[in-house]
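The values are calculated or read from the model by the stated rules, or taken from the named source; none is laboratory data. Quick caveat: nothing in here was measured; it's all calculated off a predicted structure. Cβ atoms come from the backbone with ideal geometry, glycine included; neighbour counts cover every protein chain shown.
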Amino acid sequence: RIPGEFEGSHFDVVFEAAGVPRALAQGIELLEKTGTLVQVGVHDADKTVPINPFLLYEREQTFVGSNSCAAMFPTAVDLIEDIKAQTELMIGEPFSVWDFEAAVDSMSQGKSIKTQLKFD
């Protein structure tokens, strides 16, 4: 589910890291014209996602599969400060693992996309 502040938005780069077919399909929908989708999530070998190859061509989009990002780690570290504000919109406040219900409520209310559980 896309939070309200991102509704109708398209992005130059989308990373699909969940390994869920629905997330990949949504990532494709969120791509800007000439955008790049980077597939880093590990999907089950028998799962498929329908794509429209004409739209990929027409919109000049790039689809990159990445099995390992180890070589890109230094670049990612360099980019952290540039994208910090955007990531804060995606990652909500952490919850104690013992307060799991509140964490689920937070996600269902659209307060975060990725919720962290702390083991304290």
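Could you look through region 21-70, keep only residues that are among the β-branched types (Val, Ile, Thr) and in contact with a Pro (Cβ under 9 Å, 6 or more places away or on another chain), and pick out the one that is surrounded by the most Cβ atoms within 10 Å (Cβ to Cβ)?
Looking only at region 21-70, we keep the residues that are among the β-branched types (Val, Ile, Thr), and these are 28, 34, 36, 38, 40, 42, 48-49, 51, 62, 64.
In the following step, the residues that additionally are in contact with a Pro (Cβ under 9 Å, 6 or more places away or on another chain) were identified as 48-49.
Working: Thr48: 9, Val49: 16.
So the residue we want is Val49.
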Subset of region 93-114 (residues that are among the β-branched types (Val, Ile, Thr) and in contact (Cβ under 8 Å) with a residue 24 or more places away in the chain): Ile113
Residues of region 54-98 that turn out to be more than 18 Å from Val40 (Cβ to Cβ), of a type in the set (A, V, I, L, M, F, W, C), touching a helix residue (DSSP H, G or I) at 6+ places or on another chain (Cβ under 9 Å) and modelled with pLDDT of 80 or more, as a count: 4
Selection count, region 93-104, where residues are part of a helix (DSSP H, G or I) and within 27 Å of Glu7 (Cβ to Cβ): 4
Candidates Leu30, Leu37, Leu79, Leu117 - the one that is of a type outside the set (S, T, N, Q) and out of contact with any Ser or Thr (no Cβ under 8 Å at 6 or more places or on another chain): Leu79
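Condition test on Met107, is it modelled with pLDDT of 75 or more, surrounded by 10 or more Cβ atoms within 10 Å (Cβ to Cβ), in contact with a Ser or Thr (Cβ under 7 Å, 6 or more places away or on another chain) and not in a loop (DSSP other than H, G, I, E, B)? Reasoning before the result, please.
Numbers: modelled with pLDDT of 75 or more: yes; surrounded by 10 or more Cβ atoms within 10 Å (Cβ to Cβ): yes; in contact with a Ser or Thr (Cβ under 7 Å, 6 or more places away or on another chain): yes; not in a loop (DSSP other than H, G, I, E, B): yes.
Spelling it out, Met107 is indeed modelled with pLDDT of 75 or more, surrounded by 10 or more Cβ atoms within 10 Å (Cβ to Cβ), in contact with a Ser or Thr (Cβ under 7 Å, 6 or more places away or on another chain) and not in a loop (DSSP other than H, G, I, E, B).
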